[in-house]
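These notes are about the structure you will find just below.
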Amino acid sequence: MQLVLSEISQLKSAVDTIREVQQQQKQQKRLERLARISSSSSSSSSDSSDDEAPSSSSSSRPLTGGVASMVVAAGSVSVMLEPPAVDFEQPDITQQLPVPEQHNATGRILVCQGKACMNKGALGVLQAASHAAAASPGIEVLPCKCLGKCKQGPALRMRTQQPGCTLMTQVSPLEVPQAVKAVFSAAATEVSAAANTQEELQQQQRL
């Protein structure tokens, strides 16, 4: 009986030894396969970039043109694509507008940026107002919240040095230059006339 048990124990030990040897062989084959894959990937990457200096310890190498990059990790090869750059240029409404004339008036132009006005073209009105006021550094052009006229938008409000303001509704970008010129030129004329009148009064008082 003891002899049988001894033989069974020896058989189990032999089976365990065989399994360990098989696992070691499998592990060795796996390592060799990973080494071959890594070697072939490195050689192909170096061939595609002859003019570039080889990387010292990097696991990724950019492909030609920067469109994609290849990553080699744990024996697997994957390609990561980058989205192409899209050149989008917003149309400039000022290309259709006349060159603004010089004037000396100062003030502020507020362009409504409410949702309804924006849907009706307030952005183009804002661009047109900025272009029209470019000739006079004293005029500020600012986007603002709702002016209370969005149902009749786009809307803008012009303030000069004179009391009050000018509110325009349902204005198109092409109408803005003429309106800015009319309002601020008139204000500049009034300011100049008032200054001349004041100067004449002072001269009369001196006499």
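Here, each number is a calculation from the coordinates, and none is a lab measurement. Given the structure is predicted, the values throughout are model-derived calculations rather than measurements. FYI the Cβ positions are ideal-geometry reconstructions off the backbone, even for glycines, and counts take in every protein chain you see.
Other residues within the sphere of radius under 14 Å centred on the Cβ of LEU142, judged by their own Cβ, net out at +3 (K and R +1, D and E -1). Sorted from longest to shortest, the spans of the Cα atoms of region 131-189 along the three principal axes equal 33, 25, 17 Å. Using the Cβ atoms and a cut-off under 12 Å, what net charge is assigned to the surroundings of LEU110, where Lys and Arg are +1 and Asp and Glu are -1? Result for the neighbourhood of LEU110: +4.
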